[in-house]
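Report on the structure given below.
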């Protein structure tokens, strides 16, 4: 069965620093992978998705993720953190037509 | 479009009471999902519908939970009787379908349920 593992429940960075949120997947078939963001008291919003096209995927708000089959990873990065990036980030894998399984989430804290 | 609409946003009830959560998906979307989010278990898929028909309810915790979708613009998730361990944030999401490709799920703001 497909699954994702997010390493680190909390990540703290300073404003302007690199953001790196880790996600590893397990899948017996070529995976469809996603990153969602959840701001406080809101629902989840799609940041980006990988669907077997380009391995480097660009999303909204300056985020991008690279699919690495050899490492079974789909880490999320942003070159320079902004205070408004503070939120919880979820990695997800498609497990069936239209069905997703989410990771446990990583809370990003950004300090001035 | 107003996005996915959920009501109420907050619900506080006592153990044993019936709770009904409501969702209006985005117009034209064929799929509707109900999720539950807790600190302990994260985000769990409870059930999803395609064209108003339940497709997979394997995530529904027990018989106390039931979900319906009487038409394309409305769905309910009911808990009867409610228990304190049902306290969570419940999300509704919807997505369109285009051929065989995956489409983004659009989430509502959630209903925060507290069972005392």
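Counting alpha carbon pairs within less than 8 Å and at least 6 residues apart, what relative contact order, in whole percent, applies to chain A? Before the final figure, lay out each step's value.
On the way: 281 pairs, mean separation 42.5, N = 112.
Value for chain A: 38 percent.
FRET efficiency for residue B:27 and residue A:97, Cβ-Cβ distance as r, R0 = 25 Å, nearest 0.05?
Approximately 0.70, to the nearest 0.05.
When only alpha-carbon atoms are used, what values of Rg and Dmax, in angstrom, describe the protein assembly as shown?
For the protein assembly as shown, the Cα radius of gyration and maximum Cα-Cα distance read 17.8, 52 Å.
Compute and list, largest first, the equivalent-ellipsoid semi-axes of the range B:1-62 from the alpha carbon gyration tensor, each √(5λ) rounded to a whole angstrom.
21, 17, 12
Would you mind getting me the FRET efficiency between residue A:84 and residue B:97? Use the beta-carbon distance for r and R0 = 35 Å, nearest 0.05.
My answer for the efficiency is 0.60.
When the distances between all Cα atoms of chain B are binned every 5 Å from zero, what whole-number percent does each bin get?
2, 13, 23, 26, 19, 10, 5, 2, 0, 0
Can you pull a Stokes-Einstein diffusion coefficient for chain A at 4 °C (1.567 mPa s), Rh from Kirkwood over Cα pairs, as a whole number of µm²/s?
Numbers: Rh = 14.0 Å.
Once the numbers are plugged in, D ends up at 93 µm²/s.
Fewest first, what order do B:63, B:30 take by the number of other Cβ atoms within 10 Å?
Exposure proxy ranking, most exposed first: B:63, B:30.
In a solvent-free Debye calculation with one equal scatterer on each Cα, what is log10 I(q)/I(0) for the range B:44-100 at q = 0.20, 0.31 Å⁻¹, listed in the order of the q values?
-0.81, -1.54
No lab work stands behind these numbers, since they all come straight from the coordinates. These figures come from a predicted structure and were not determined experimentally. Reconstructed Cβ throughout: ideal geometry from the backbone, glycine too, with neighbour counts over all protein chains shown.
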